[in-house]
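These notes concern the structure reproduced below.
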Amino acid sequence: LLRRQVRAQPAALKEQTPREAILEARTRIARELHDTLDQELTGISLQLNAAAATLKGDPAGRKLEVVHRLLQRSQSEVRRSVWDLRRPALESGGLPAALQDTAAQLSNGSTTKLDLAVHGNVRPLPALVEHHLLRVAAEAVANALKHSGAGCISVELGYEPGTVRLGVVDDGCGFIVEQAPGHDAGHFGLIGMRERTRKIGGSFGLDSAPGRGTRLEIRVPEIQPTQKSV
């Protein structure tokens, strides 16, 4: 038994070393993004905000406000990417653990109740699928926390035969889906979620109405976990 354990050590070290190198590289990239791009975007945002305030009521000022909102959206995406790089939850605990971690981070300091329910036989999914499902869930929860005034947000992850289902439900103010803002107003949330769903071959459903809250549901046909790129 001891000889077998000794022989197994080199293989274990070979697996551990690349993983540690990857985690170190992720941390370095996240630090560089934060220290350069995020800080530069913050400076640009402050300048745009000051210019828009100076031209308040002028058509040029309104255009600057739109550009400012676009920049704020880009900055949020950069910060979320930095956050994703610094927390390898998908690698260490899979999608359910990553969703739990994400929900805890997003709801920190909020009075909104946030529940996570996982159903079915939990199994590994392709890296591409898990990545995009996590990002869609984070976007949906962030939107609900910011805009809906919900008292409760529920995240549901269902491992069904041949399908994986992600649902995000809130009891907030709701909205008219057909009147949801688009690119011109600097809102890319729904567009981005639909695009991520399309990339993994899933179906995207959204049900909402004023006073009835919002329900988002994604269904992805299950395939073997061989995809790596995101």
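The values are calculated or read from the model by the stated rules, or taken from the named source; none is laboratory data. Computed from a predicted model, the values in this text were never measured in an experiment. Every residue, glycine among them, receives a Cβ derived from its backbone with ideal geometry; neighbour counts consider all protein chains shown. Note: areas computed on protein heavy atoms with side chains; ligands, DNA, RNA excluded. Shrake-Rupley method; radii C 1.70, N 1.55, O 1.52, S 1.80 Å.
Can you give me the % of accessible surface on segment 104-205 that is carbon or sulfur? Probe 1.4 Å, all protein chains present, nothing else counted.
Heavy-atom surface of segment 104-205 belonging to carbon and sulfur, 1.4 Å probe: 52 percent.
The packing ranking of peptides 156-167, 48-59, highest mean first, is 156-167, 48-59, where packing means the average number of other beta carbon atoms within 10 angstrom of each residue.
In this simple spin-label model, placing a label point 7 Å from the Cα along the Cα-to-Cβ direction at both GLU40 and ASN108 gives a separation of 2.7 nm.
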